[in-house]
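What follows is a set of notes on a single structure, which appears directly below.
Read-outs throughout are calculated quantities, based only on the coordinates presented, and are distinct from any laboratory measurement. Remember, predicted model here, so these are calculated numbers, not experimental data. Cβ sites come from the backbone with ideal geometry, for glycine too, and all protein chains shown count toward neighbours.
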Amino acid sequence: MDGKNRKDIYPGLEVDIILKKDQRSGKLTRGIVANLLTSAAYHSRGIKVRLEDGQIGRVAAITDDN
């Protein structure tokens with residue numbers, strides 16, 4: 001599942017994000033969502049989130065199986 005719809009993402013979910021500094025390379029960072037930063041219901045490049053470790057990026061994929 002991609003991370004373009006806000007309704008699919010919630011705190012505690014495990015996701016892969018793309019950090020701003022990694023946008024060119026496409027390197028993914030895995031973590032747990034702490035809070036959602038995008039207020040729109042949909043974003044074409046992915047919903048922006050803050051991970052529990054403080055990193056901020058756009059959701060590229062949802063990895064949680066729940």
Inset, instruction - Please sort by residue number the trypsin sites (Lys or Arg not before Pro) in the chain whose DSSP state is loop and whose Cβ has at most 16 other Cβ atoms within 10 Å. - result: R24, K27, R45
Legend entry - Cα pair count fraction exceeding 15 Å, expressed as % - the chain: 39 percent
